[in-house]
Amino acid sequence: MFYVRRATREKELSIKGAIANARLLNQGALVDAKVEFTVNGEDFTVFMREGPLTQVFNNLFDNAAFWLSRKSEEKNRKLQVVLDA
């Protein structure tokens, strides 16, 4: 049997798109931790594979939700992403 695996290819990706995907993956944890989430700055693109880019933001948001949930004050739990190409 012959199997051909398609290699994932690099492509032009929107940073805001990757952030939106990672936010969606972590939405439950961010809501449970009562984290206010904002993205500021202009969108830009990078040329790379989609999986690793989303994984970077996924890890950051997951860690932020975890540590912010340990903060005693609930009203000052903020996660702000600032984009600067």
Unique residue being of a type in the set (V, I, T) and over 23 Å from K11 (Cα atoms) when the list is V35, V46: V35
A22 being hydrophobic (A, V, I, L, M, F, W, C), in contact with a strand residue (DSSP E or B) (Cβ under 8 Å, 6 or more places away or on another chain), free of Cβ contacts under 8 Å to residues at least 40 places away in the same chain and open to solvent by less than 40 Å² (accessible area, probe 1.4 Å): no
Test: residue in segment 35-57 that is modelled with pLDDT of 95 or more and among the basic types (K, R): no
Set L30, L79, L53, L68: member being in a strand (DSSP E or B) and open to solvent by less than 80 Å² (accessible area, probe 1.4 Å): L79
Those residues of segment 40-50 which are open to solvent by 50 Å² or more (accessible area, probe 1.4 Å) and in contact with a strand residue (DSSP E or B) (Cβ under 7 Å, 6 or more places away or on another chain), in sequence order: N40, D43, T45, F47, M48, E50
Any hit, segment 11-19, residues being in contact (Cβ under 8 Å) with a residue 24 or more places away in the chain, open to solvent by less than 70 Å² (accessible area, probe 1.4 Å), within 23 Å of D84 (Cα to Cα) and more than 14 Å from the chain's Cα centre (by Cα): no
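The values are calculated or read from the model by the stated rules, or taken from the named source; none is laboratory data. Remember, predicted model here, so these are calculated numbers, not experimental data. Note that we place each Cβ from the backbone using ideal geometry, even for glycine, and neighbour counts take in every protein chain shown. Remember, those area values only see protein heavy atoms, side chains included, never the ligands or the DNA or RNA. Shrake-Rupley method; radii C 1.70, N 1.55, O 1.52, S 1.80 Å.
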